[in-house]
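I am attaching a structure below and will ask some questions about it afterwards.
Nothing in this text is a laboratory measurement; each read-out follows from the coordinates by a stated rule. Please read these numbers as outputs of a predicted model, since none were measured by experiment. Please note: Cβ atoms are built from the backbone with ideal geometry, for glycine as well, and neighbour counts cover all protein chains shown.
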Amino acid sequence: MDCRQLILAVLLFCLPPSALSRRKREKATLRFSDCGSDPNRPIHFQMVKAHPIPVIVPGTLYVTMAGNLTADLPRRLRVELSIMKYFFGFPFTVPCFRGKIGSCVYDNICDSLERFEGRRCPRTLRQHGLQCHCPFHAGHFSVQDLPLNVPKVQGYAGSLLNVRGDYKLMLSVYDEERVQLGCLELKFSMKKRHRGWLFKI
């Protein structure tokens, strides 16, 4: 028995049998919460839904979301993304790969959106009435079944993100003074696309 098999055996031994059977009976769902700590924050998430759940990799995820911006957001926004994967109930942080996959920090997202100022937003966003550049203005935002491409991740990152399991994603938005403007937490599960002889799931 090598080291990895020993660790797996210990983890399974530590889990009560009822926990394993209970997890099999649970229906896969998407759970969301507005994790903003400041009651005066401008970004408020009221509802987030998605299908299919579990998220199929690779595949298309359809997202429905609603919320409010109580004030215009500044032109400089920092986004911190944290992704955790659960192994036998224990959370492990997925590191940032190549600065864009995993738990990464996007220091000024408005810079990457400047190319859309004075131009039309991508058709998919226009169809859903979504703004695609800064500054984002106060008001209610709502989107129904926005299609998001979920690609197969290559390399070492793929060994963490392409496998069946439970995940937690936390997205936090800050201004340049590091004041939190909003926070969204999602808990969901993922699975690989099955490619069979007669069908694909």
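With just the Cα atoms defining each centre, how far is region 102-130 from region 51-75? Give it in Å.
Measuring centre to centre over Cα atoms gives 14 Å.
Can you pull the one-decimal nm distance between simple spin-label points at Y106 and H51, each 7 Å off the Cα toward Cβ?
2.7
Still on this structure, please answer the following. Determine the gain in length on full extension of the stretch E80-L169; use 0.36 nm per residue of separation and subtract their C-alpha separation, reporting nm with one decimal.
Numbers: separation 89, 0.36 × 89 = 32.04 nm, distance 1.05 nm.
Between E80 and L169, full extension yields 31.0 nm more.
For N108, what charge total do you get from the other residues with a beta carbon under 12 Å from its beta carbon, if Lys and Arg give +1 and Asp and Glu give -1? Before the final figure, lay out the partial values.
Details: positive: R75, R76, R78; negative: D107, D111, E114, D175, E176.
Around N108, the surrounding residues sum to -2.
At 7 Å along Cα-to-Cβ for each site, give me the label-to-label distance between L148 and Y62 in nm.
Here the modelled spin labels are 1.6 nm apart.
Report the local net charge at Q180: Lys and Arg +1, Asp and Glu -1, summed over other residues whose C-beta lies under 12 Å from its C-beta.
Surrounding charge for Q180 is -2.
Take the alpha carbon gyration tensor of region 41-108, find the square roots of its eigenvalues, order them as a ≥ b ≥ c, and report rounded if a/c is under 1.5; if not, report prolate when a/b exceeds b/c, else oblate. Provide the component values of the computation, followed by the final result.
On the way: a/c = 1.97, a/b = 1.27, b/c = 1.54.
Oblate.
Tally Lys and Arg at +1 and Asp and Glu at -1 over the other residues with C-beta under 10 Å from the C-beta of P58: what net charge comes out?
Details: positive: K152, K192, R193; negative: none.
Computed value for this residue: +3.
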